[in-house]
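Beneath this line is the structure, given in structure tokens, with notes to follow.
The values are calculated or read from the model by the stated rules, or taken from the named source; none is laboratory data. Since the model is a prediction, treat every value here as computed from it, not as a measurement. Cβ placement follows ideal geometry from the backbone for every residue including glycine, while neighbour counts extend to all protein chains displayed.
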């Protein structure tokens, strides 16, 4: 008994589909958390961002031989972005890194000068950052490190209108980089030159910020 033509065609294509390989679907992947953003704060037309440099390779371009991180110093790449038509002045010397050593011990660390950076890098590590007193030197290695630290640092206090000022701020943590987990970068003195007025202080939380 012969099958009707339509039934035969339907049977033929059903057989092909049954034997065709099935496409395997990949299981859905879990959404990845976005990478940490730089610590940032903005008001009165000025935005300040900060990223601690905690990896030795990040320093290679600025310090090709010996880098600050190996001597217990952390550099914080800091950018001052001025979105106003007035010049801003930042008192760099008044900037502080606020760290917590223990429940009852907190410190306010001053930024290191290029001289300090070079001296500490040649002296090596000490356990307590509050007891390291930088000394000056004038040998070739010291001069090279001092020059590199100065060139990579913040070389001005003025932020031009619709412009930016950026560079490295150096702080002596004596190798205790876990202090960054509770640290804050405190910028207390910023002045709008054109208006002759002071801005509210900036305080950037570094605990969960991006690091390089």
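If you filter segment 159-179 down to residues that are modelled with pLDDT of 95 or more, within 25 Å of residue 118 (Cα to Cα) and out of contact with any helix residue (DSSP H, G or I) (no Cβ under 7 Å at 6 or more places or on another chain), you find that the one that is surrounded by the most Cβ atoms within 10 Å (Cβ to Cβ) is 171.
Here is a list: 156, 133, 209. Which entry is closer than 16 Å to residue 48 by Cα, assigned to a loop (DSSP other than H, G, I, E, B) and at pLDDT below 95?
On the way: 156 fails: at pLDDT below 95; 133 fails: closer than 16 Å to residue 48 by Cα.
Unique residue meeting the criteria: 209.
For the structure I just gave you, tell me whether residue 48 is modelled with pLDDT of 95 or more and either within 19 Å of residue 162 (Cα to Cα) or not in a strand (DSSP E or B) (or both). It is true that residue 48 is modelled with pLDDT of 95 or more and either within 19 Å of residue 162 (Cα to Cα) or not in a strand (DSSP E or B) (or both).
When 194, 175 are checked against the criterion of being within 16 Å of residue 82 (Cα to Cα) and part of a loop (DSSP other than H, G, I, E, B), 194 stands alone in meeting it.
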